[in-house]
Amino acid sequence: MTAYTALYKNCLTYINSYWDKIIFSPAKKKINRQIIDIPRAYVIPNDRKFRFIFYWDTFFISRGLFGTKREWLIKDMVENFLFLYEKYHFIPNFNAPASMGRSQPPFLTSMILDVYEVLSHDKSLGNKVRSAFSNVFGKKDPAKIWLEKATKIAIREYANVWIDTQKIRHHRVSEYELSRYGDSDLGYAHSSELESGWDFTSRFYNRCDEFLPIDLNIYLYKYEKHFAKIAGILSDFGIAKDWEKKAKLRKKRINKYMWNEKSGFYYDFGYKHKRQSEFLSLAGFTPLWAGLATFKQAEQMLKVLPAFETKYGLTITDKSSLAPQIDSTNVPERYKIAIDAILKPKQWDYPNIWPPLEYLTVIGLLRYGFTEDAKRIMKKSIKAHARLFRKYGTFFEKINGATGDKAKNYHYPTQTGFGWTNAIFFRYIKILEDLDKGRNIYNTAKTDKPPFEFAIYH
């Protein structure tokens, strides 16, 4: 038993037992018209409010399944997303009719490569895939068989939804050849913000549909890099070069419109008014997670980290980016509703800490070799969440980064459980253990330069 496992044993015991409460098996469920049926098991965020499979939640939840007896769920959940795409031609926010107008931040290729990793070392799952495809593919590597099948669907999702070749989802802004959050309604700001996963935030000034978000375009850059990587795995080297070219072009556009040399950070770009946002959020660190930034840029970005860091981890936005308080006493009543909607506190704002974006930032810091900074944040985070667990007997969807206590209620009550928090807590401990053991966490030679590829689950 390591020092971390011993120190946080009660937290890890809770997390391990809680998975059984939120693994949802289609075979056991009752018919519910509020749920779109999907064929395989999945993990819901908690056992109270959120009883669906959510698109981007699933990527973060999978961080807690790697290397455990439950990692078979990663494949099942990705199979559900492939099923949903085949049936509806996009992956909805969650599997319910209420979300059929929008998707969620796209992590499909990351999850597909997660499954490939699992199939590559899990002989039992690999044999099941081999059995399912033996009539068509013979004795080919079952992991590669599955990878090729899944990637074909992911390419269609990329092209038809996010690049929007069919012009249904309104994601592509052709003037900039970059994407925005959209929906099946023409430019409806509210639904676009729901699709962003940041529901809701001051970051978009109630005009989410008018911005090219840095994080979305980074996720799509990651898709292009993943398609190149997968083509290489499948020995389609010409196709790999084509995807590398697409990624290179997107990188160029991201740096042109979203990188700010003066402040040394990445921002959303307001394409409607043709200007860069000045709002600091953790989304600006996603280029480190994706390995898009140069090492020089990464060093500049590191200087911005203190704007988010507290005793308890990283807040989702910088406090100074929020709108100042104003006295609306003399504002006519008919204007107050609109003003209050913009200025009121939102849950994806300072002072809240949201594990998913904190995690992406930590992984980004590790990719560029900033291990001490990453360790410091991970240690703060697990300490803060463990303290709350010991106080309340549960983990929370988000926490207050100023007080270290649970976050207040916003447009729904603060949720307990909680899938992505549990998973990231678990993964931080595993990474810290690897670092403390002196293990080389990178799959690179000593002469290589950042960004590094990992040799560990992350």
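The values are calculated or read from the model by the stated rules, or taken from the named source; none is laboratory data. Everything numeric in this text was worked out from a predicted model, so none of it was measured. Neighbour counts are summed over all protein chains in view; Cβ atoms, including those assigned to glycine, are modelled from backbone coordinates with ideal geometry.
For every residue, the table says whether it meets (1) crowded, with 21+ Cβ neighbours inside 10 Å; (2) hydrophobic (A, V, I, L, M, F, W, C); (3) under 30 Å from Asn10 (Cβ atoms).
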position: Pro324; (1), (2), (3): no, no, no
position: Lys336; (1), (2), (3): no, no, no
position: Ile342; (1), (2), (3): no, yes, no
position: Glu358; (1), (2), (3): yes, no, yes
position: Arg376; (1), (2), (3): no, no, yes
position: Lys383; (1), (2), (3): no, no, yes
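Close contacts from the stretch 426-446, counting a first residue that is surrounded by fewer than 12 Cβ atoms within 10 Å (Cβ to Cβ) and a second that is in a loop (DSSP other than H, G, I, E, B) and of a type outside the set (Phe, Trp, Tyr), with Cβ to Cβ under 6 Å and a gap of 6+ residues or different chains, come to Asn443/Glu453; Asn443/Ala455. Of the residues contained in the stretch 268-278, one or more are found to be surrounded by fewer than 16 Cβ atoms within 10 Å (Cβ to Cβ), among the basic types (Lys, Arg) and assigned to a strand (DSSP E or B). If I filter the stretch 195-210 for residues that are under 15 Å from Asp268 (Cβ atoms), of a type in the set (Gly, Ala, Ser) and touching a helix residue (DSSP H, G or I) at 6+ places or on another chain (Cβ under 7 Å), do I get at least one hit? Within the stretch 195-210, one or more residues are under 15 Å from Asp268 (Cβ atoms), of a type in the set (Gly, Ala, Ser) and touching a helix residue (DSSP H, G or I) at 6+ places or on another chain (Cβ under 7 Å). Counted as qualifying within the stretch 80-182 are the helices (runs of 4 or more DSSP H) with 1 or more residues that are under 19 Å from Ala247 (Cβ atoms) and modelled with pLDDT of 95 or more, namely 108-121, 142-157. Going residue by residue through the stretch 228-241, is there one that turns out to be crowded, with 17+ Cβ neighbours inside 10 Å, assigned to a helix (DSSP H, G or I), in contact with a strand residue (DSSP E or B) (Cβ under 8 Å, 6 or more places away or on another chain) and not basic (Lys, Arg)? The answer is no, given that none of the residues of the stretch 228-241 is crowded, with 17+ Cβ neighbours inside 10 Å, assigned to a helix (DSSP H, G or I), in contact with a strand residue (DSSP E or B) (Cβ under 8 Å, 6 or more places away or on another chain) and not basic (Lys, Arg).
A quick yes/no check of all residues on (1) in contact with a helix residue (DSSP H, G or I) (Cβ under 9 Å, 6 or more places away or on another chain); (2) among the basic types (Lys, Arg); (3) assigned to a helix (DSSP H, G or I); (4) at positive phi:
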{"position": "Trp289", "(1), (2), (3), (4)": "yes, no, yes, no"}
{"position": "Leu292", "(1), (2), (3), (4)": "yes, no, no, no"}
{"position": "Glu299", "(1), (2), (3), (4)": "no, no, yes, no"}
{"position": "Ser328", "(1), (2), (3), (4)": "yes, no, no, no"}
{"position": "Lys336", "(1), (2), (3), (4)": "no, yes, yes, no"}
{"position": "Asp373", "(1), (2), (3), (4)": "yes, no, yes, no"}
{"position": "Ile377", "(1), (2), (3), (4)": "yes, no, yes, no"}
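Among the residues of the stretch 395-417, the ones that are touching a residue at least 40 places away in the same chain (Cβ under 8 Å) and part of a loop (DSSP other than H, G, I, E, B) come to 12 in all. Which numbered condition in (1) under 21 Å from the mean Cα position of the chain (by Cα); (2) assigned to a helix (DSSP H, G or I); (3) closer than 20 Å to Arg48 by Cβ is the only one that Leu388 fails? Result: Leu388 passes all but (1). Might you check whether a residue that is out of contact with any Asp or Glu (no Cβ under 9 Å at 6 or more places or on another chain), within 24 Å of Asn422 (Cα to Cα) and outside any helix (DSSP H, G or I) occurs anywhere in the stretch 352-361? Yes, there is a match, as at least one residue in the stretch 352-361 is out of contact with any Asp or Glu (no Cβ under 9 Å at 6 or more places or on another chain), within 24 Å of Asn422 (Cα to Cα) and outside any helix (DSSP H, G or I).
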